[in-house]
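The values are calculated or read from the model by the stated rules, or taken from the named source; none is laboratory data. Quick caveat: nothing in here was measured; it's all calculated off a predicted structure. Note that we place each Cβ from the backbone using ideal geometry, even for glycine, and neighbour counts take in every protein chain shown. Ligands, DNA and RNA are stripped out before the accessible areas are found, and what is left, the full protein with its side chains, is counted by its heavy atoms. Shrake-Rupley method; radii C 1.70, N 1.55, O 1.52, S 1.80 Å.
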Amino acid sequence: TQLLEQSPQFLSIQEGENLTVYCNSSSVFSSLQWYRQEPGEGPVLLVTVVTGGEVKKLKRLTFQFGDARKDSSLHITAAQPGDTGLYLCAGMRGNTPLVFGKGTRLSVIA
Amino acid sequence: GAGVSQTPSNKVTEKGKYVELRCDPISGHTALYWYRQSLGQGPEFLIYFQGTGAADDSGLPNDRFFAVRPEGSVSTLKIQRTERGDSAVYLCASSLAGTNTGELFFGEGSRLTVL
């Protein structure tokens, strides 16, 4: 059973389009992180959200933590080819190590 | 170095052999993590060190897997009697403190292929 479910699994869009990817769970998390991973590299942290309902913006990326701290979304405005990669959400519960979802593989076509 | 360093970057071995994967964390980072990432999956937790001791090894799949961090810096993940199902990218990460705080800094991973 996957603790964090990410959707969609794959997404291919044209440059300039907007998109949203989701991270859902039945469990409550004390914090949730989003990472991006490119081929042959390790994941790189984009953002950490800790408060229910929190919204954080990073240039064209908007991250939201659900009110109940069970889910999160990542919205990208005007996607660019450089946004291509595997987007991973990862949650923290108490003192347990970070748990990752399977990721959303995004491809932005020029 | 500036980042987390992992060696080897690629390792091909035969079923039944023993392998060691090394991780050199960012200087000063007390926490060190090993994750395993299979094709099409997210990273799966294996073990976490705080200093020299394994604070949580609940993710190690069986007793063929073992990890050490004798001086609280470099860590080695050891896999005995490798099986084809062990093939994956083994990721190491470090952070300034333990779980619940801050960012994990990942290395590029060691890709293990068991033939």
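Quick look at the values:
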{"item": "Average other protein chain Cβ within 10 Å of Cβ, residues B:39-49", "result": "5"}
{"item": "Shielding score for A:40-49, defined as the mean number of other chain Cβ atoms within 10 Å", "result": "5"}
{"item": "Per residue accessible area of chain B, 1.4 Å probe, in Å²", "result": "48"}
{"item": "Portion, in percent, of the accessible area of chain B that falls on carbon or sulfur, probe 1.4 Å", "result": "48"}
{"item": "q = 0.12, 0.13 Å⁻¹: log10 I(q)/I(0) that the Debye formula gives for the protein assembly as shown, counting C-alpha atoms only", "result": "-0.65, -0.76"}
{"item": "Cysteines (scope the protein assembly as shown) whose Cβ has no counterpart Cys Cβ under 4.7 Å", "result": "none"}
{"item": "Taking the convex hull of Cα positions in the range B:1-86, its mean projected area over all directions (nm²)", "result": "5.9"}
{"item": "Unit charges at the beta carbon, dipole of chain A: most positive-side option, A:G52, A:Q14, A:S72", "result": "A:G52"}
{"item": "Residue-by-residue Karplus 3J(HN,Hα) for the range B:105-111, coefficients 6.51, -1.76, 1.60, Hz, glycine and proline x", "result": "9, 9, x, 7, x, 10, 8"}
{"item": "Within the protein assembly as shown: Cβ-based charge dipole about Cα centre, in debye rounded to nearest 20 (Lys, Arg +1; Asp, Glu -1)", "result": "200"}
{"item": "10 Å binning of all Cα-Cα separations within the range A:22-84, expressed as whole percents from 0 upward", "result": "21, 50, 26, 3"}
{"item": "Mean projected area (nm²) of the alpha-carbon convex hull when the range B:47-115 is viewed from all directions", "result": "5.0"}
{"item": "Rule-of-thumb Rg ratio for chain A [Cα; 2.2 N^0.38 Å; N residues]", "result": "1.01"}
{"item": "Size descriptor, Kirkwood hydrodynamic radius, that averages inverse alpha-carbon separations across the range A:60-99, Å", "result": "12.2"}
{"item": "Lys, Arg +1 and Asp, Glu -1 on Cβ, resulting dipole of chain B about Cα centre, debye, nearest 20", "result": "380"}
{"item": "Sparse-neighbour loop sites [trypsin sites (Lys or Arg not before Pro); the range A:1-82; at most 11 other C-beta within 10 Å; DSSP]", "result": "A:K59"}
{"item": "Loop GluC sites (Glu not before Pro), the range A:4-110 (other Cβ atoms within 10 Å of the site Cβ: 15 or fewer; DSSP)", "result": "A:E15, A:E17, A:E41"}
{"item": "Shielding score for A:53-63, defined as the mean number of other chain Cβ atoms within 10 Å", "result": "0"}
{"item": "Chain A - charge dipole about Cα centre, Lys and Arg +1 at Cβ, Asp and Glu -1, debye rounded to 20", "result": "240"}
